[in-house]
Amino acid sequence: MTPRIILFVFLALLALGPLALPPFYVTLLNYIGLYALVALGLVLLTGVGGLTSFGQAAFVGVGAYTTALLTTRADSLPAWLAWLGASPWLTLLAGLALTLVIAYLLGAITLKLSGHFLPLGTIAWGLSLYFAFGSVEGLGGHTGIPDIPAISVFGWSLNQGGSIYYLIWAFLLVAVWSTQNLLDSREGRAIRALKGGRVMAESMGVDTARSRMVIFIIAALQACASGWLYAHMQRFVNPNPFGLQMGIEYLFMTVIGGAGHVWGALVGAGVFTVLKQWLQDWLPKLLGQTGNFEVIVFGFGMVLLLHRARSGLWPVLTRWVRVKKPVRRLDMEAEPLPRKPMPPRGEVVLKAVDVTRKFGGLVANNAMNLEIRAGEILALIGPNGAGKSTMFNQISGVDTPTSGQVTLLGHLVAGAGARRIARLGLSRTFQHVRLLSRMSVLENVAIGAHLRGHRGVLPSAWRMDRPEEARLLAEAARQVERVGLGKHLHDEAGSLALGQQRILEIARALASDPCILLLDEPAAGLRYQEKRELAELLKKLRAEGMAILLVEHDMDFVMGLVDRVVVMDFGEKIAEGLPAEIQHNPAVLEAYLGGVE
């Protein structure tokens, strides 16, 4: 069964809902749609972006109270604001604008937090907004605001559950469609890269702070739209539905359905809402009228779910239904992406002068000097703990030197940040492989081409980025073929062997069109034939004029490949020269073997 057929059946059943179901169940479906709209934002924010928020109910309240205040109390508002109350559609725009401002301000503060401080921060502002709804004069207190007018569409008043039903689900389906489009784009890969590690993402040119803010604002806007619909469905608002408990329930819905899956938001909202209603109906008959027994059952149910299906119910359903996953079509005839000219062969591409990095009393790099030229392979070797990877981090912008200078193509880049350095033409791999294991080989490599595209969030969400996306994916496919992983193009990156994953990282680095490539232990985990193929690839890149700096422990691989060698020990350079010279250098032999006879 294909996803298209399943979607068609689902939409048909959805359209027939108000015609075939009693009003009670139509109302239940309305609530499922409203809740799913909020949970969808949490899929993007928490499941995909890795940012846990307990405060989404507060944004629902912003949308609800904005329309309630503007439509019922326009007479008491200033003239410049009162005109917005003429139509609920104007209040939707006002609510979205207000939410955008509030979310940006809260995000600017909250998203700087990490670890457990981030969810605690969302609890703090969620509680603050909740109490503001009940305490601010003019918002009706805990009594609320009644007599909210119904929404009208082309003169048709949506004043009944069956009539507003279609509007609620239209909002939800448009949100699902646009969210899927966004995730299936250059911007979406940047968002998904957040969970794989900000260091890797920044090194590929992703502005991680911007991506975090983008998903925070999108989740807030979707919650606001849900609140607007809720207010006009209920025709009344008070603070109760916008408190911390509801924020926790939204997060429960997301986890139940599958936090990393767009359609999981709908499944989670449906299961949670229906089960909660059934439990509220049945448990009092079994256990008495006192006590919130459904909360107890939900608590144990969540623990069981986290043990048995940590990815949520959506992946379980897809296994049962055996949905055929569509294979992405590639347009290899798409116009190639523009390439930067390589520096002239022999020109110094990168130069480090007296680079020192101290961590407290530990000196990881001490007055390190090296330079690498276009069309050259330079090896940086040394015993474990010599400071090689730390030096890589100083050069690539992952870390900032305590003192010293790093120059890339004539630009001083020490402390400039990995993203700016990547834009200048430096790309790298990592000592410990950093891939997005659930994404395909193709998509992982396409992250490397992030800086070679420019289409933003809105074009991506509305599929106006397709020509650029075709070019980016075609470039990624070419790099995958280039490193010999063509037959794994659509496989999950996590299914590859470690050696293949290291090769995949090189393909991702090449997709950025670099002029200098930093490879951290690229041959680790490779078999003999794979090492030979890697060596041939690096020789070909050198012939094209690329500068390559590599850290490697396999001396046979290094000595038969590189042009020059720099040796480090205890954070300092102890030798530099041709491979043949280094192999007989007494200082090098002592560092590796503990001395020479």
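What follows is calculated from the coordinates using simple rules that are stated; it is not laboratory data. Keep in mind that this is a model prediction, so the values were computed, not measured. Backbone-built Cβ (ideal geometry, glycine too); neighbour counts: all protein chains shown.
Can you give the FRET efficiency to the nearest 0.05 for Asp281 and Leu21, using r as the Cβ-Cβ distance and R₀ = 25 Å? Rounded to the nearest 0.05, the efficiency is 0.90. Between Trp228, Ala209, Val355, the Cα set farthest toward the positive side of the dipole of the chain (charges on each charged residue's Cβ, about the Cα centre) is that of Trp228. Each of Ser226, Ser512 has some number of other Cβ atoms within 10 Å of its Cβ, and from fewest to most they run Ser512, Ser226. Along the axis of the charge dipole computed for the chain (Cβ charges of +1 for Lys and Arg, -1 for Asp and Glu, origin at the Cα centre), the listed residues Ala477, Trp177, Gly61 are led at the positive end by Trp177. Considering only Leu337, Ala265, Ile296, and ranking their Cα positions along the charge dipole of segment 240-373 that arises from unit charges at the beta-carbon of Lys, Arg, Asp and Glu, the one farthest toward the positive end is Leu337. Roughly what percent of Cα-Cα pairs across the chain reach past 36 Å? Above the 36 Å cut-off, the chain has 46 percent of its Cα pairs.
Only beta bridges with both residues in the chain are counted; by DSSP, about 60 percent of them are antiparallel. Scalar couplings 3J(HN,Hα) for segment 422-435, obtained by applying the Karplus form with A = 6.51, B = -1.76, C = 1.60 to θ = phi - 60°, are 4, 5, 6, x, 10, 9, 8, 10, 10, 4, 9, 3, 10, 10 Hz; x denotes Gly and Pro. In the chain, the longest principal axis of the Cα atoms and the axis of helix 23-42 are about 30 degrees apart.
Okay, which of segment 457-485 sit inside 11 Å, backbone N to the point 7 Å along the Cα-Cβ direction of Val327? Nothing falls inside the zone, counting backbone N under 11 Å.
Taken one residue at a time, the phi angles of segment 575-585 give Karplus couplings (6.51, -1.76, 1.60, θ = phi - 60°) of 6, 8, x, 6, x, 5, 5, 5, 5, 10, 6 Hz. Gly and Pro are set to x. Take Val101, project a point 7 Å from its Cα along the Cβ direction, then tell me which residues of segment 42-60 have their backbone nitrogen under 19 Å from it. The answer is 58-60, whose backbone nitrogens lie closer than 19 Å to the label point.
Here, segment 439-508 yields an orientationally averaged convex hull projection of 4.6 nm² when only Cα atoms define the hull. Dividing the helix sum by the residues of the chain, where each DSSP H run of 4 or more adds -39500 (n - 2.57), gives a mean residue ellipticity at 222 nm of -17000 deg cm²/dmol. Amide H contacts of Arg373: Val349, each under 5 Å away and 5 or more positions distant or on a separate chain (H built 1.01 Å from N in the peptide plane; Pro and chain starts excluded). Taking other C-beta atoms within 10 Å as the exposure proxy, Tyr130, Tyr25, Tyr65 rank Tyr25, Tyr130, Tyr65 from fewest upward.
Note on Lys531: lysines with a C-alpha under 23 Å away, same-chain residues under 8 apart excluded, are Lys388, Lys487, Lys539, Lys540.
Modelled label positions at Tyr592 and Asp554, each set 7 Å beyond Cα in the direction of Cβ, lie 1.5 nm from each other.
In nm, to one decimal, how far is the modelled label at Asp354 from the one at Ala12, with both set 7 Å along Cα→Cβ? Here the answer is 7.7 nm between the modelled labels. A straight chain from Arg527 to Val136 at 0.36 nm per residue would run longer than the Cα-Cα distance by 133.9 nm. Using 0.36 nm per residue and subtracting the Cα-Cα separation, the extra length available between Leu578 and Leu120 on full extension is 159.3 nm. Think of each Lys and Arg Cβ as +1 and each Asp and Glu Cβ as -1; about the Cα centre, that makes the dipole of the chain roughly 1040 debye. Summing Cβ point charges (Lys, Arg +1; Asp, Glu -1) relative to the Cα centre of segment 439-508 gives a dipole of roughly 180 debye.
Close amide H partners of Phe430, meaning residues 5 or more places away or on another chain with modelled amide H under 5 Å apart, are Asp520.
Using the Cβ of Leu81 as centre and a radius below 15 Å, the other residues enclosed give a net charge of 0, where K and R count +1 and D and E count -1. Using a simple spin-label model with pseudo-atoms 7 Å out from Cα toward Cβ, Ser128 and Ala74 lie 3.2 nm apart. FRET efficiency for the pair Asn384 and Ala416, taken as 1/(1 + (r/R0)^6) with r the Cβ-Cβ distance and R0 = 51 Å, rounds to 0.95. Taking other residues whose beta carbon is less than 14 angstrom from the beta carbon of Val48, and scoring Lys, Arg as +1 and Asp, Glu as -1, yields +2. Length gained on full extension, Arg466 to Leu317, computed as 0.36 nm times the residue gap minus the Cα-Cα distance: 50.6 nm.
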